[in-house]
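A short write-up of the structure that comes next.
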Amino acid sequence: MQWLRRMMYGRYGADMLGVVLLVVGLVLSLIGQIGRWWWLMLLAYVPMVICIWRMFSKNIYKRQRENAKLMAAVYKVKNFFITRKTRFAQRKIYKYFRCPQCKLQLRAPRGRGKIRVTCQKCKTQFITKT
């Protein structure tokens, strides 16, 4: 166990991008096995080799930036679904609309009739029906 610690000293190690690459490689390999596609099984080695190469890399800063890009993309997708879920849950209470000037998403309570709305971002005033 000590030899593994010495070998990995100063190297990047595992992160979320490495796990994603490993899973992609395993899924491609499994699909290639089931479909008897030799070229797909061969292609499955590419993400696995990249995963191992990233783990043993000594350029820690660059690997952290790569992982941060993945995490930012995951956050955007996750945030998209969370906002959709929230909007769906509040659809009977609030009316959602966009500012005609800056396209900022706004909401107002339902059942108020025509109201004058002031955008928080660009201060544009417009009338909308709730």
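The values are calculated or read from the model by the stated rules, or taken from the named source; none is laboratory data. Computed from a prediction, not measured in an experiment: that's the story for all the values here. Reconstructed Cβ throughout: ideal geometry from the backbone, glycine too, with neighbour counts over all protein chains shown. Heads up: the accessible areas ignore ligands, DNA and RNA and are worked out on the full protein's heavy atoms, side chains in. Shrake-Rupley method; radii C 1.70, N 1.55, O 1.52, S 1.80 Å.
Here are some notes:
- What the pair-distance distribution of region 59-130 shows, using all Cα-Cα distances binned every 10 Å from zero, is 17, 31, 26, 15, 9, 2 percent.
- Once the Cα atoms are used to define both axes, helix 45-55 deviates from the longest principal axis of the chain by about 90 degrees.
- Cα-centre dipole for region 38-130 with unit charges at Cβ (Lys and Arg positive, Asp and Glu negative), debye to 20: 800 debye
- The chain: Cys lacking any partner C-beta under 4.7 angstrom: Cys51
- Taking 0.890 mPa s as the viscosity and 25 °C as the temperature, the Stokes-Einstein diffusion coefficient of region 1-80 based on its alpha-carbon Kirkwood radius rounds to 174 µm²/s.
- For Gln101, net neighbour charge (Lys/Arg +1, Asp/Glu -1) across residues whose Cβ lies under 13 Å away: +4
- Sparsely packed loop sites in region 53-86 (the trypsin sites (Lys or Arg not before Pro) outside DSSP H, G, I, E and B with at most 12 other Cβ atoms within 10 Å) comprise Lys58.
- Within the accessible area of region 13-91 (1.4 Å probe), percent carbon and sulfur: 73 percent
- The gain in end-to-end length when the Phe56 to Cys102 segment is fully stretched comes to 11.9 nm, 0.36 nm per residue minus the alpha carbon separation.
- Å² per residue, accessible surface of region 89-130 at 1.4 Å: 78 Å²
- Zone of Val23's modelled label, taken as backbone nitrogen in region 53-78 under 20 Å from a point 7 Å along Cα→Cβ: 53-55, 64-78
- Neighbour-limited loop hits for chymotrypsin sites (Phe, Trp or Tyr not before Pro), region 1-60 (at most 10 other Cβ within 10 Å; DSSP other than H, G, I, E, B): Tyr9
- FRET efficiency, 1/(1 + (r/R0)^6) with R0 41 Å, evaluated for Leu30 and Lys121 via beta carbons: 0.30
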